[in-house]
Amino acid sequence: MKNYRAFAWKELCTQKVMSILILLAVILSSMMTTVVGQSIGTLNAMRQQQAAYLNGNRYATIHQLTEKEAKSLLRDSNLAYAEKLINIGVSNIEEGQLTIMLREYHGNSLSAYDSISQLESGLLPTKSGEIALPQDALSLLNFGGGIGDTITLDLSVSLMQDTEAPYNYSHDFTLTGILKPNYISYMSGSVSGIAGVGTAESLLPEKYLLYSVDIRTNDEHAFQSTINSLQERISRQSYIQYNDILLSALGINYDNAGEIENNFGFSLMTLAVVLIGVLVLLAAGLVIYNILKIAATKRVKEYGTLRAMGAERGQIYSLVSLQLLILCGIGIPIGIIVGILTANGITVGVTSFFSPEIFMTSSW
């Protein structure tokens, strides 16, 4: 067998054109297959990143909780993430036909909302009566001041499924920060404002001092059962808001998911990528087969001489197969390495070019 290995390598060195062509075909096919395989993971990762950016990095939000109920969720060992916030009210911007949703974020709750917490200037509010608003909202409000100035907002707050009229009030806030415009919000007709901790307690009647808690579970597979368990522990009526976009991107099953509608487009994209990979492998196989066939035709006399010397047909096939294995052993690792580098470069380029803001979504 050692003699066959030496002879196979010698033949590859003799047939340089054939060897180089097959080696290139192996490298290119390995590279393309690696890029295609990597692209499936890249597409899914991009989808998850965009979903978290657009609608918050939270699996669900439980609304209208008392302070005691909210604190109990924050201590729950089944939750990987739990942070609370409270609704201060909404303010209508008549000129732009938009609504400012003013909320008070506690602890690390703003970390789940990258799209609304990016500062253009100033600082995020930390005290009662301080707020930060997007630049576009300030423009629509015809606000001519700057950081540290007072801005008056007319606000309205109500409970879900409340039979009473909303509570309306007006208050002078101190502007501590100007947020970067978030044009995605225009899709839902609202922009987000941030209020300092303590604002709700100083402005709202006790009836409206109810918290919302954003959560992520430790076990994605047990997400719905965890939600059901949390609901059973809460004595009063609460409301669950599922982050459909992120849950769909992560493939987490939950009640009323609408799985077909959410995943249909991505499934078609994945199928298309897989088909491309199959076609690449098929085309590479045909190219390699044709090159080997041409090379074998030119070497019929040599193979005939080997048969005359006592070589069996299986040994001739083994010789050709060994030559192919040698080329594959050299070409496949090179193709995989080049494919990974190429896929990483494409990923960086795509993620930098396609901002999450070009995708449409709605926040609730």
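The values are calculated or read from the model by the stated rules, or taken from the named source; none is laboratory data. Predicted model only: the values in this text are computed from it and were never measured. A quick note on method: Cβ atoms are made from the backbone with ideal geometry, for glycine too, and the neighbour counts reach across all protein chains shown. Accessible surface is based on the protein model in full, side chains and every heavy atom, while ligands, DNA and RNA are left aside. Shrake-Rupley method; radii C 1.70, N 1.55, O 1.52, S 1.80 Å.
Annotation for Glu206 and Ile151: the two label points, set 7 Å from Cα along the Cα-Cβ direction, are 3.3 nm apart.
Looking at region 88-189, the accessible area is 49 square angstrom per residue; that uses a 1.4 Å probe and ignores ligands, DNA and RNA. Assuming charge only on the beta carbon of Lys and Arg (+1) and of Asp and Glu (-1), the dipole of region 19-108 about its Cα centre is about 320 debye to the nearest 20. Judged by the mean number of other Cβ atoms found within 10 Å, the most tightly packed of the peptides 211-217, 315-321 leads the ranking 211-217, 315-321.
Apolar share of the accessible surface for region 130-207: 47 percent from carbon plus sulfur atoms, 1.4 Å probe. Cross-link partners among lysines for Lys301, C-alpha distance below 29 Å, same-chain residues fewer than 8 apart left out? Within the straight-line limit of under 29 Å, Lys301 reaches these lysines: Lys2, Lys10, Lys16, Lys293.
Computed extension gain for Asn253 through Asn44, at 0.36 nm per residue and net of the alpha carbon distance, reaches 73.6 nm. Label sites at Gln161 and Ile234, each approximated as a point 7 angstrom past Cα along Cα to Cβ, lie 1.2 nm apart. As a ratio to 2.2 N^0.38 Å, the alpha-carbon radius of gyration for region 66-163 is 1.25. Bridgeable lysines around Lys127 (alpha carbons under 23 Å apart, same-chain partners fewer than 8 residues away excluded): Lys68, Lys71, Lys84, Lys180, Lys207. Across the alpha-carbon set of region 1-151, the Rg to Rh ratio works out to 1.36, Rh being the Kirkwood radius. Applying 1/(1 + (r/R0)^6) with R0 = 25 Å to the Cβ-Cβ distance of Ala283 and Ile336 gives a FRET efficiency near 0.85.
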